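Engineer: I'd like to ask some things about the structure below.
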Amino acid sequence: MQLTKSVGEGCTAVVLVLYLMRVRDLDGPTTALLVTLAGVGGMLGSVVIGKAGDRIGHRTAIRWSALCAALGLLAIVLVPTVWLLAASLFVVAAADRGLSAARNAVVMSLPIAARVQLRAYLRVVLNVGSTAGALAGGAAAAVDAEPAYVGALLLDACTFAALLVIAGRLPLGPQTEVRRPPAGSRSTGGQPVHRNLYFLSAMAILAWFSVNFETMGLVVAVWLIGVHAAPPWTASLALVVNTAIASSFQLRIARRVTDVGSAARAIWISSVWIAAGFGILAFVPSLPRTATVALVVLVVVAALLHAVGDMLGSAGQWEIIMSLAEPSRPGEYQGAAGLLVDGCRAVAPQVVTLTLVEHGPGGMLVLMLSFVLAAGSLRLVIPRKRLPSLRTGDQQVRRESSDHAGGGK
């Protein structure tokens, strides 16, 4: 399921803006407005569809979301007006993020060890699928013709259509069954997410911390290439290193995240690795234009450090979101988490522009410190009763990151 979805997403990520500007002949501000509107749709869809899944069943929610996304993508290439195009983009984004919330609710039904491993597996599959989809989208962009762009979008529609069949094979655990509210009540039981201050506080911190996952590509593209005229291939180099490391070691690192305590510690260690990676990049602008070898070394080392932090952080974030959620309302909680995380990630380009482009290395230092402080404050908002094995988790995560740094012996 994840492979199918990620191939379509990787393809659309490359061609959508190009389709809007070159085929639909929209200007930059209009295109940006439509993409922003789609982002709003994604945030709302995550909450609405996630909560609906608690009532109608999450496999059913996945199927309806996939159907809406497929029809929305078909509409993008057929509708004649900008307003209908905006509505289609809104529907596609809402259905896509709602599908993810429903999928995560299904994963919540699994035992902790199984879902951590599954998360790592999904991350590997996501990297592979997104890369394959990006290659297909890149081919369409190279052709630079309407049939190529339309074909790429229809490929994404076909992947969502395939999910209609694949969703029927998902496990239906005890927490993913349809929950009927008692007669005369609209509640499915359990504490509503808007009243769970522990969960909302933790998600707010994780949402800001998750901005760092979007910043490596932006820093290379916006700051190094755009401002300091680094070679364009540095962006591809950073992406290749990140994808290769994540595909090779994500499963191994995720095994050490076994509970909330080890997850919180993993995020703290993750912030240090990520800050170190960006600290390395701060030296790139000082290199002479002819120092190609030094440039390659710095970018590879920075991407490596960021990849390790990325793996630790994603594993920890996944487990905290799953463990702190109310078992009787998995879709509602996963939807709320998606709303906060997606909202913060949506502002990542503006954050990078404000901190790096305008303030340079000093702005990067402030940004990295904010991530480290956010990771360190996470334990303060998690109930102490949910941290039964904090020291054990700390030792496990520290040992795993050390093993990886030493070559994974």
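Engineer: When the residues of region 318-333 are filtered to those that are small (Gly, Ala, Ser) and surrounded by 24 or more Cβ atoms within 10 Å (Cβ to Cβ), which remaining residue is modelled with the highest pLDDT? If you could, list the steps in order and put the result at the bottom.
Structural biologist: Quick first cut of region 318-333, residues small (Gly, Ala, Ser) only: 323, 325, 328, 331.
Applying the additional criterion that residues be surrounded by 24 or more Cβ atoms within 10 Å (Cβ to Cβ) yields 325, 331.
On the way: ALA325: 77, GLY331: 74.
Among them, the one singled out is ALA325.
Engineer: Right, next: Given (1) farther than 27 Å from ILE166 by Cα; (2) assigned to a helix (DSSP H, G or I), identify the lone condition not met by ALA61.
Structural biologist: The failed condition is (1).
Engineer: Next question. Determine, yes or no, whether SER370 is touching a residue at least 60 places away in the same chain (Cβ under 8 Å) and exposed (fewer than 15 other Cβ atoms within 10 Å of the Cβ). Break it down into steps so the answer makes sense when it comes.
Structural biologist: Values: touching a residue at least 60 places away in the same chain (Cβ under 8 Å): yes; exposed (fewer than 15 other Cβ atoms within 10 Å of the Cβ): no.
When the stated conditions are applied, SER370 does not pass them.
Engineer: Does ALA346 meet the test of being assigned by TED's automatic domain parsing to the domain that holds MET216, in contact (Cβ under 8 Å) with a residue 40 or more places away in the chain and within 12 Å of the chain's Cα centre (by Cα)? Quick ask: steps written out before the conclusion?
Structural biologist: On the way: assigned by TED's automatic domain parsing to the domain that holds MET216: yes; in contact (Cβ under 8 Å) with a residue 40 or more places away in the chain: yes; within 12 Å of the chain's Cα centre (by Cα): yes.
Answer is yes for this residue.
Engineer: Would you check which residues across region 98-137 are basic (Lys, Arg) and modelled with pLDDT under 75 and list them? I'd like the intermediate steps shown before the answer.
Structural biologist: Going through region 98-137, the residues basic (Lys, Arg) turn out to be 103, 115, 119, 123.
Hits for region 98-137 are ARG115, ARG119, ARG123.
Engineer: Applying the selection to region 355-384, what residues are part of a helix (DSSP H, G or I), modelled with pLDDT under 80 and within 21 Å of ILE321 (Cβ to Cβ)?
Structural biologist: Within region 355-384, just ARG384 meets the criteria.
Table: residues versus (1) in contact with a strand residue (DSSP E or B) (Cβ under 9 Å, 6 or more places away or on another chain); (2) assigned by TED's automatic domain parsing to the domain that holds MET322; (3) touching a residue at least 12 places away in the same chain (Cβ under 8 Å); (4) within 22 Å of VAL150 (Cα to Cα).
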{"residue": "THR30", "(1), (2), (3), (4)": "no, no, yes, yes"}
{"residue": "ARG55", "(1), (2), (3), (4)": "no, no, yes, no"}
{"residue": "LEU73", "(1), (2), (3), (4)": "no, no, yes, yes"}
{"residue": "ILE76", "(1), (2), (3), (4)": "no, no, yes, yes"}
{"residue": "PRO80", "(1), (2), (3), (4)": "no, no, no, yes"}
{"residue": "LEU84", "(1), (2), (3), (4)": "no, no, no, yes"}
{"residue": "ALA95", "(1), (2), (3), (4)": "no, no, yes, yes"}
{"residue": "VAL107", "(1), (2), (3), (4)": "no, no, yes, no"}
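Engineer: Assuming ALA348 fulfils every condition listed in (1) at pLDDT below 80; (2) crowded, with 19+ Cβ neighbours inside 10 Å; (3) of a type in the set (Gly, Ala, Ser) apart from one, which condition is it?
Structural biologist: Result: ALA348 passes all but (2).
Engineer: Would you check if ALA276 is buried (at least 23 other Cβ atoms within 10 Å of the Cβ), assigned by TED's automatic domain parsing to the domain that holds GLN250 and within 23 Å of the chain's Cα centre (by Cα)?
Structural biologist: Numbers: buried (at least 23 other Cβ atoms within 10 Å of the Cβ): no; assigned by TED's automatic domain parsing to the domain that holds GLN250: yes; within 23 Å of the chain's Cα centre (by Cα): yes.
No, not satisfied.
Engineer: Now for a separate question. What residue, of ALA140, ALA152, ALA161, is surrounded by 17 or more Cβ atoms within 10 Å (Cβ to Cβ), at pLDDT 65 or above, more than 27 Å from ASN242 (Cβ to Cβ) and of a type in the set (A, V, I, L, M)? Quick ask: steps written out before the conclusion?
Structural biologist: Working: ALA140 fails: more than 27 Å from ASN242 (Cβ to Cβ); ALA152 fails: more than 27 Å from ASN242 (Cβ to Cβ).
Selected residue: ALA161, the only one of ALA140, ALA152, ALA161 that is surrounded by 17 or more Cβ atoms within 10 Å (Cβ to Cβ), at pLDDT 65 or above, more than 27 Å from ASN242 (Cβ to Cβ) and of a type in the set (A, V, I, L, M).
Engineer: I would also like to ask the following. Of all helices (runs of 4 or more DSSP H) completely enclosed by region 170-277, which ones contain at least 3 residues that are modelled with pLDDT under 65? Don't jump to the end; show me each part of the working.
Structural biologist: Values: elements: 197-209, 212-218, 233-254.
Helices (runs of 4 or more DSSP H) meeting the threshold: none at all.
Engineer: Right, next: Being of a type outside the set (S, T, N, Q) and over 24 Å from ALA238 (Cα atoms) narrows it down to one of MET322, MET311, MET364, so name that one. Before the answer, list the steps.
Structural biologist: Values: MET311 fails: over 24 Å from ALA238 (Cα atoms); MET364 fails: over 24 Å from ALA238 (Cα atoms).
The conditions single out MET322.
Engineer: From the residues in region 293-317 that are touching a residue at least 40 places away in the same chain (Cβ under 8 Å) and β-branched (Val, Ile, Thr), which one is surrounded by the fewest Cβ atoms within 10 Å (Cβ to Cβ)? Reasoning before the result, please.
Structural biologist: The initial filter retains those residues of region 293-317 that are touching a residue at least 40 places away in the same chain (Cβ under 8 Å), namely 295-296, 299-300, 302-304, 306-317.
Keeping just the survivors that are β-branched (Val, Ile, Thr) gives 296, 299-300, 308.
Values: VAL296: 14, VAL299: 23, VAL300: 16, VAL308: 25.
The extreme case among them is VAL296.
The values are calculated or read from the model by the stated rules, or taken from the named source; none is laboratory data. Quantities reported herein were computed from a predicted structural model and do not represent experimental measurements. Note: ideal-geometry Cβ built from the backbone for every residue, glycine included; neighbour counts use all protein chains shown.
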